[in-house]
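Shown next, in structure tokens, is the structure this report addresses.
The values are calculated or read from the model by the stated rules, or taken from the named source; none is laboratory data. Since the model is a prediction, treat every value here as computed from it, not as a measurement. In this analysis, Cβ positions are derived from the backbone assuming ideal geometry, glycine residues included, and neighbour counts consider all displayed protein chains.
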Amino acid sequence: MGRFLRRTSLDEFPQFWNVLKGEMSLVGTRPPTPDEIDRYEIPKWRRLDVKPGITGEWQVNGRSQIRDFEDVICMDLRYQENWSLMYDIKLIVKTIAILFRKNYGAV
């Protein structure tokens, strides 16, 4: 059951509560873990300037296949540099398309 929830991203659904509370947004950077923050160098702190989101660059451009922490940081910073309402809408549409793609869920 857990594998199914993870593969279909249904395990992310409770995060909508965080969006409603204003703690997260639909699109943004991935919330960092405490051990990630310990690895940040000064330029990477910019990543924390935006509210974390349920989806974003990392989720639509590789997700579980991207293992290099530096690549994730670069995607988050690229999101910040390119932010616009239209860009958020594009990422949401790509996220929905990915949810229905076979063999593309998280592992």
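General observations
- Exactly one residue among 48, 77 is more than 22 Å from residue 3 (Cα to Cα), aliphatic (A, V, I, L, M) and at pLDDT 85 or above, and that residue is 77.
- Entirely in region 1-62, the helices (runs of 4 or more DSSP H) that have 1 or more residues that are touching a helix residue (DSSP H, G or I) at 6+ places or on another chain (Cβ under 9 Å) and surrounded by 14 or more Cβ atoms within 10 Å (Cβ to Cβ): 2-7, 34-39, 57-60
- Number of positions in region 13-39 that are more than 14 Å from the chain's Cα centre (by Cα) and of a type in the set (Lys, Arg): 2
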